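Take a look at the structure set out below.
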Amino acid sequence: DIQPKVTIVIFGATGDLAKRKLFPSIYQLFKKGKLSSHFAVVGLARRPWTNEVLRKHVEESIQNAFSPEEDLEEFTSHFYYQPFDVTKEDTYPQLHTLLQDLEATYETGGNRLFYLAMAPNFFGLIAKKLKEYGLKETAGWTRLVIEKPFGHDLESAKQLNSEIREAFDEEQIFRIDHYLGKEMVQNIEVIRFANGIFEHLWNNRFISNIQITLSEVLGVEDRARYYDESGAVRDMLQNHILQIVALLAMEPPIKLTTDEIRSEKIKVLRALRKFKHEPIADNFVRGQYDAGTIHGKSVPAYRDEAEELADSTTETYVAGKLLIDNYRWAGVPIYVRTGKRMPKKSIKVIIQFKDLPMNLYFKSDKERHPNLLTINIQNEGLSLCLNARKAGSGKLAEPIHLHYHQSEVPGINTPEAYEKLLYDSMIGDATNFTHWDEVALSWQLVDPILEAWSKEKPDFPNYKAGSWGPKEADELLAKDGFHWWDI
Ligand code: BG6
């Protein structure tokens, strides 16, 4: 493995993402020897912390994540803190001086990774100032890692992109979609293109429909402000779900390079039907959770989670029927759904294959069971549902399931998504990051949905916490003669 030398500059170092994901990931990379000792981390935020306070905080975050036995002092000694107000001019030259000092101490070759883990309103400004104050002029590389949301709609995303592009080239921009760091999301491509038994059938002649479910038990937590501006469509559909769709539907790349893979994904997103003329209500269902019970515990309605949510019309659930208008996929519905406060946390893709024209091994058509391939992204694994002879039953068949669980394979300890993506950004591999074209095309799908919804007041709440969402989501499939498979 390449051991990058780097200074990681985290904007928003006192925040939740840094604590829950970034610090533990940097630690893992360090422990595994994927990061050399030539590294430093600079934490920036408004609070008047010191190096010591940050180091203590980093230590706690790592204790929470792994409770390691060893002394963390050597590791945390690489962390530095600078109070930072993104709108104040003098903080940029100060940061520059600090970076130069650290580069001399840690011999990082001038490589700088600027990680924006904070409210998006300042992304454009920060990028601009970094360039203006010469923070991009170093002997090494400079890269910008950006968390979502990337804009609020196509217009604002374009605006943000043009601001960032004034300071950084597309190759220097790493837009994070953490789902692309998940092991089983990365596996989609391998399962498809390394197996003749699937890839030959991977089209509209043999697949009847695809179902993608991203369900969460959690509610809005303490992110009411962010979430209420966002909603399920912007929070999950625009990014995570559409990225999974692109990987499931893309053509085989001619090489496993960043450009080739990205360009295949972009083609899928271009072919994705953008419901500009059809009624949105025929294809998309929105929901907001009411009070209910999950795992025996009562939970409040979305509107009662925080004061500012009292009259909210934000959706906490969306189901949709996507269509890809190209030769391979014409006519195959891709049903997607995601929601908060569902009965369980699950991330699954189910590929339903077409039935045989005739099947003599079932008593009635009702009992016939199609072949299903399930890609379990949350509890990493795969399962394949086939039909086999029902033992001792004469000539009858029954569905059987072949299962593979990655966690049951000895010695496998899948790295966290953020660990992989941080490493990729440091070695300059942008394959599992979102290209601007993908962002723009995703907003083109989403904008008409949100626009149509904004014209009509929804009848919320319309599903109970702990249920699988509004009944219209079942009707969406029933109209086509399908149903959601159990998750
Ligand atoms: C984030 C969303 O991108 O993904 C959250 O903002 C959501 O609302 C989270 O909870 C889900 O991620 P994961 O990795 O837990 O499936």
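Could you work out the relative contact order of the chain? I mean the mean sequence separation of Cα pairs under 8 Å and 6+ apart, divided by the number of residues, in percent.
Details: 854 pairs, mean separation 85.1, N = 487.
Computed over the chain, the figure is 17 percent.
Among the GluC sites (Glu not before Pro) within the stretch 116-187, those in coil by DSSP and having at most 13 neighbouring Cβ atoms inside 10 Å are Glu137. The chain gives an Rg/Rh value of 0.99, both radii derived from C-alpha positions and Rh following Kirkwood. Ligands, DNA and RNA excluded, the heavy atoms of His152 present near 80 Å² of accessible surface to a 1.4 Å solvent probe. Counting only protein heavy atoms and using a 1.4 Å probe, the accessible area of Lys88 comes to about 110 Å². Histogrammed with a bin width of 10 Å, the alpha carbon distances of the stretch 342-433 distribute as 13, 28, 27, 17, 10, 4, 0 percent, first bin at zero. Within the shell defined by Cβ-Cβ distances under 14 Å, the residues around Thr293 carry a net charge of +3, with Lys and Arg each +1 and Asp and Glu each -1. Largest first, the extents of the alpha carbon coordinates of the stretch 193-290 on the three principal axes equal 46, 31, 27 Å.
Might you tell me the accessible area per residue for the stretch 1-114, computed with a 1.4 Å probe and given in Å²?
Numbers: 5180 Å² over 114 residues.
Per residue, the stretch 1-114 has an accessible area of 45 Å².
What is the local net charge at Tyr361, summed over the other residues whose Cβ is closer than 13 Å to its Cβ (Lys, Arg +1; Asp, Glu -1)?
Numbers: positive: Lys363, Arg368, Arg389, Lys390, Lys395; negative: Asp355, Asp365, Glu367, Glu398.
Taking every other residue near Tyr361 into account, the sum is +1.
Scalar couplings 3J(HN,Hα) for the stretch 457-472, obtained by applying the Karplus form with A = 6.51, B = -1.76, C = 1.60 to θ = phi - 60°, are 6, x, 8, 9, x, 9, 8, 7, 4, x, 10, 8, x, x, 5, 4 Hz; x denotes Gly and Pro.
Taking the 1.4 Å solvent-accessible surface of the stretch 254-334 as the whole, the part contributed by carbon and sulfur is 49%.
Per residue, the convex hull around the alpha carbon atoms of the stretch 353-487 comes to 228 Å³. In this structure Phe193 has an accessible area near 60 Å², from a 1.4 Å probe over the protein heavy atoms.
Cross-linked pairs Lys21/Lys255; Lys274/Lys354; Lys128/Lys182; Lys321/Lys344; Lys321/Lys455; Lys56/Lys297: Cα-Cα separations exceed 28 Å for Lys21/Lys255; Lys128/Lys182; Lys56/Lys297.
When only the heavy atoms of the protein chains count and the probe is 1.4 Å, how do Asp365, Asp177, Asp169 rank by accessible area, highest first? Mind showing how you got there, number by number?
Details: Asp365 115, Asp177 5, Asp169 85 Å².
The most accessible residue leads, giving Asp365, Asp169, Asp177.
For the stretch 249-333, the spherically averaged projection of the C-alpha convex hull amounts to 9.6 nm².
The values are calculated or read from the model by the stated rules, or taken from the named source; none is laboratory data. The shown structure was predicted, so the numbers you read here are calculated from the model rather than taken from an experiment. Reconstructed Cβ throughout: ideal geometry from the backbone, glycine too, with neighbour counts over all protein chains shown. In case anyone asks, the SASA skips ligands and DNA or RNA and just uses the protein heavy atoms, side chains included. Shrake-Rupley method; radii C 1.70, N 1.55, O 1.52, S 1.80 Å.
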